[in-house]
Amino acid sequence: MFTEEKVEEKLSKLPFVNYVKQRFNLGQYNQEEQRRAIVQKSGHYRVKYTGLKEYRAKFFQDLYITLIDLKWRYALAVLFNVHLLSYFFFALMWYWMMYNHGDLDHLNDPKWESCVAGVHSFGDAMLFSIESQTTIGYGFAYPNTDCGGALPLLFVQITVGILLENVLLGFIFVKFAQPKRRRKTIMFSKVACVAQEEGDLCLQIRVGDMRQSHLIDAKVHGILIKRHVTREGVAYPLFQHDVHFQANKMGDTIMLMWPLILSHRITQESPFWDIRPSDLSSEAYELVVCIEGTLETTGEFCQARTSYLPSEILWGHRFDRIEEFDAGNGRWEIDFSGFNDVVYITNIRHSAKELNPYREYRMSKEESEATTKEKGLSISLHSVAYDLPPEFPSASNSTEYQKSGSPKLLTRGLSQMDELERSRLSLEMEAENREEELTEKTPMEKSEEQAQRPADDAEEEEEETPLEHDLGDRKPLEHDLGDGKPPIKEKAESDVSDDDTIGQDEAEEEENFHDVASS
């Protein structure tokens, strides 16, 4: 995406020069050399094998597959050179037969019967060998059956010629009809996007099929190649992590009737859980996406693959819509010209791991208030401050509340949000505190309610109330008046005021909040 802009700035004024450079990957047009990726965009591997000198004989043991895997320039060279060697070899055999028979010593003797009539030199023998192996027969040269070895040699040459044509032309045809050629018409988006989907961050790519005959039972899976160090200190520079992709609600099964957006949900099991957008320069990883399926026309198995580098993953973007319904013709139309178009959504600066504590806090808050609301709604991350510090402070460092009722932790985390969002959150916190103060009752009011209850319920109340704490030298709170009335609970004298009690409740609530954030 970004390399194309650099290429356009250095275009030559001559269109023919630009075509030659682009066709043969000369200069800055060789984008794959600039990517430095393990898997190219076309699906080929950029891996070189060395130290195979003592194992090269195994390639000849699997000669047919070796020929099929050759590049086209080598395959055509094998086709022409093998036929040429066959023609030359049998030309030597015919010339050697004529030499042993003495035909070369009686070239101008009309009474002499040669093994091959009309052949007077090695060039004539070469032409006769080509005519015999290809069954052309121009009529000037023909073998003499009176010569003892002419008939067997002709039989061997024609048999070998038929065998070579079947083998060589067969492997050339297979190279034309290879199933991997089908991946040329399967399109992958040039970039991948990370956006919010159903409340979670999702990695998305777009894939489409240009042909009307689609892959049968197509599956998709991804591999993240990243450095991994075990607990024992063993480092694996090319460690493979499994990345699960799904299309809509179909799991890893896809039906490419139209371009689809494949999504990978970034959860705790995802290898992208702790990757930030700022890790483009420091973190070295590569995402490889593979699609496998069966060709509908031939029934052969095919695999299409591509790769994405960190610079090719756009955070806070989403793919633009390319499906439109044509009401006039009554059909859906797909505009492949916008296949790689993306739309900016929001700024994401933190990984899913860093945003998860705040998201869980919001979810727990919404669930507690869901008595009158519909449950199961997704929590939107648009209200998350993406400038939030990566780590929350411990509960011991923030034990005070502001007068507005919002903890200092949220105030500092939302310091870079807009004024409207901050005021909304502060109003919500104030409303919550007011509701809690109204619902709380003083100990005197609770004692009056207990005094008004019937004597039969007094025993049940005593069983449900917690055990009394040891007050030391203080007298018990209940005194028997001796008039048959239930005992009256006096208010315990304490230096703690109602305001201090509310402050302790708020401190306990804050500690609970930090426990949720740390988990």
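The values are calculated or read from the model by the stated rules, or taken from the named source; none is laboratory data. Just so it is clear, the structure is predicted and the values come from calculations on it, not from any experiment. Heads up, the Cβs are rebuilt from the backbone with ideal geometry, glycines too, and the neighbour counts pull from every protein chain shown. Please note that ligands, DNA and RNA were not included when accessible areas were found on the heavy atoms of the full protein model with its side chains. Shrake-Rupley method; radii C 1.70, N 1.55, O 1.52, S 1.80 Å.
Remarks
- Counting the residues of segment 137-187 that are open to solvent by 60 Å² or more (accessible area, probe 1.4 Å) and part of a helix (DSSP H, G or I) gives 16.
- Scanning segment 300-352 for residues that are part of a loop (DSSP other than H, G, I, E, B) and open to solvent by less than 50 Å² (accessible area, probe 1.4 Å) gives Leu309, Gly316, Ile322, Phe339, Thr346, Ile348, His350, Ser351.
- Any hit, segment 243-260, residues being over 20 Å from Ile205 (Cβ atoms), of a type outside the set (A, V, I, L, M) and over 12 Å from the mean Cα position of the chain (by Cα): no
- Test for Lys219: is it under 16 Å from the mean Cα position of the chain (by Cα) and assigned to a loop (DSSP other than H, G, I, E, B): no
- Only one of the numbered conditions (1) without any contact (Cβ under 8 Å) to a residue 24 or more places away in the chain; (2) in contact with a strand residue (DSSP E or B) (Cβ under 9 Å, 6 or more places away or on another chain) is violated by Ile136, and that is (2).
- Search result, residues across segment 189-219 that are in contact with a helix residue (DSSP H, G or I) (Cβ under 6 Å, 6 or more places away or on another chain) and open to solvent by 30 Å² or more (accessible area, probe 1.4 Å): Met210, Arg211
- Within segment 273-291, none of the residues are in a loop (DSSP other than H, G, I, E, B), over 28 Å from Pro357 (Cβ atoms) and β-branched (Val, Ile, Thr).
- Only a single item in (1) out of contact with any Asp or Glu (no Cβ under 9 Å at 6 or more places or on another chain); (2) open to solvent by less than 50 Å² (accessible area, probe 1.4 Å) is not met by Leu92, and it is number (2).
- Residue in segment 301-320 that is out of contact with any His (no Cβ under 7 Å at 6 or more places or on another chain) and free of Cβ contacts under 8 Å to residues at least 12 places away in the same chain present: no
- Any hit, segment 56-77, residues being farther than 23 Å from Val167 by Cα and within 60 Å of the chain's Cα centre (by Cα): no
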